[in-house]
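Below is one structure, written out as structure tokens, with a few remarks after it.
The values are calculated or read from the model by the stated rules, or taken from the named source; none is laboratory data. This structure is a prediction, so every number in the text was calculated from the model and none was measured. A quick note on method: Cβ atoms are made from the backbone with ideal geometry, for glycine too, and the neighbour counts reach across all protein chains shown.
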Amino acid sequence: MRKFFTLSSLLALSLTACGAGDNGPIKLGMISALTGDAAAIGADQLSGVQMAIAEINAAGGVNGRQIELIAEDGKCAGADGATAAQKLVNVDKVVAIVGGLCSGETLAAAPIAEAAKVIMLSPSASSPDITKAGDFIFRDYPSDAGKTKAIAKYFADEKYSRIAILSENTDYSQALRASLKKDLPEGAVVFDENFDPGTKDFRSLLGRLKDAEYDALVSNPNSDGVNAVIVQQFRELELPGQIVGTDTMDSVVIAQIAGEEADGVMLVNVPTAGEGTSFEADFTAKNGDPKSSIAWAAYSYDAVKVLAQAFKAVGTDGMAVKDYLYSMQPYTGVIGSFHFDGNGDPVGLSYVLKKFDDGKVVTVKPLPLE
């Protein structure tokens with residue numbers, strides 16, 4: 001059960017916020033994929049976090065204290081995520097962590113943060129398993145439990161009744177696969193194959209699709225780089241049917257690797273937060289064009305801003321920040337207006353259908369779940 005405010009905890013919050021007397025920097029950790037197949041997404045996340053911190057520090061910091069960022073490479077892998085969390089919590093003594101990027105590194109880091117009462121706020125991990133990862137584990141990016149319902153709705157709208165799924169053996173991909181199979185009609189999945197991380201040649205797996213009567217292939221790896229290779233080799237084999245991806249398909253890396261072969265690929269994800277706004281203009285002026293998508297920077301930027309709001313209100317004690325986040329009024333940021341439910345998941349975010357057109361990801365239509 002989630003913990004709520006009591007008279008004693010309110011008093012503790014007041015003392016923490018007003019009487020700490022610590023003028024040193026606030027150490028904020030970050031875990032993301034700074035190298036590897038998802039490094040383009042990680043680069044945009046890091047830039048978004050750095051933008052938020054720079055703005056906060058330039059405005060005087062948090063109650064007069066500057067935020068100091070300590071970023072670690074989780075490599076989109078559980079073991080590396082756990083190692084990064086151990087360092088941030090036990091060596092660097094951070095007060096909170098933005099991350100991880102991928103669900104695997106987030107789930108591996110969560111028990112470490114939970115035991116130390118250190119808040120983790122992920123801007124991108126979407127596995128339904130994160131919902132129950134701990135009282136100190138939050139995300140401002142929605143669970144795949146809703147996303148797979150939106151994908152199932154898209155398939156129903158298009159009358160795609162025979163679905164093929166190609167999934168990586170990672171926490172993120174397997175959780176999404178299980179959720180999607182649950183949301184599709186019985187018997188709809190006619191092809192369901194897995195592959196190990198590090199796989200680069202999918203021709204043999206994809207070749208089996210020739211014997212399967214299918215309407216759409218769900219490409220379900222852990223990163224945009226692997227998605228791009230799957231798209232490229234699918235087209236090379238001249239296979240029929242619609243390619244459909246999710247959030248790991250939402251990246252210009254797909255078009256950079258697959259070229260014009262990416263055109264026509266569909267995906268279901270949250271709206272492209274920040275697109276066409278002053279945030280995107282500021283980001284581009286400081287960092288150049290996003291390496292993957294402006295949305296990854298936006299979710300990371302808002303994660304820092306929410307944490308800074310909590311620090312300003314109640315100080316940096318983990319228990320105090322946790323209670324603040326659970327009772328937080330809707331926060332309106334670059335990604336929209338949201339608050340957290342009793343599991344630390346965001347409330348108020350939605351899904352859209354997108355497609356690749358002339359090398360760019362464009363929004364096609366909303367996919368309401370009701």
Quick count over the range 40-73, residues being assigned to a helix (DSSP H, G or I) and touching a residue at least 12 places away in the same chain (Cβ under 8 Å), is 15
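For every residue, the table says whether it meets (1) among the aliphatic types (A, V, I, L, M); (2) within 21 Å of residue 174 (Cα to Cα); (3) in contact with a Leu (Cβ under 8 Å, 6 or more places away or on another chain).
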| residue | (1), (2), (3) |
| --- | --- |
| 198 | no, yes, no |
| 215 | no, no, no |
| 230 | yes, yes, yes |
| 235 | no, no, no |
| 249 | yes, yes, yes |
| 252 | yes, no, no |
| 256 | no, no, no |
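Filter the range 183-223 down to the residues that are part of a loop (DSSP other than H, G, I, E, B) and of a type in the set (Asp, Glu), then identify the one that is nearest to the chain's Cα centre (by Cα).
Within the range 183-223, the first condition is being part of a loop (DSSP other than H, G, I, E, B), and the residues that meet it are 184-188, 196-202, 212-215, 221-223.
Okay, now just the ones that are also of a type in the set (Asp, Glu), so 186, 196, 201, 213, 215.
Details: 186: 29, 196: 21, 201: 26, 213: 33, 215: 28 Å.
Looking at the filtered set, the residue picked out is 196.
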Search the range 295-344 for residues being under 20 Å from residue 113 (Cα atoms) and of a type in the set (Asp, Glu), and hand back the single one that is surrounded by the most Cβ atoms within 10 Å (Cβ to Cβ).
323
Within the range 161-182, count every residue that is surrounded by 19 or more Cβ atoms within 10 Å (Cβ to Cβ) and under 22 Å from the mean Cα position of the chain (by Cα).
14
Residue, surrounded by the most Cβ atoms within 10 Å (Cβ to Cβ), within the range 261-283, restricted to residues that are more than 16 Å from residue 45 (Cβ to Cβ) and free of Cβ contacts under 8 Å to residues at least 24 places away in the same chain:
275
Residue selected from the range 227-253 under the condition modelled with pLDDT of 95 or more and β-branched (Val, Ile, Thr), by the criterion nearest to the chain's Cα centre (by Cα):
244
Considering only residues that are in contact with a helix residue (DSSP H, G or I) (Cβ under 7 Å, 6 or more places away or on another chain) and not hydrophobic (A, V, I, L, M, F, W, C), look in the range 53-74 and name the one that is farthest from residue 35 (Cα to Cα).
63
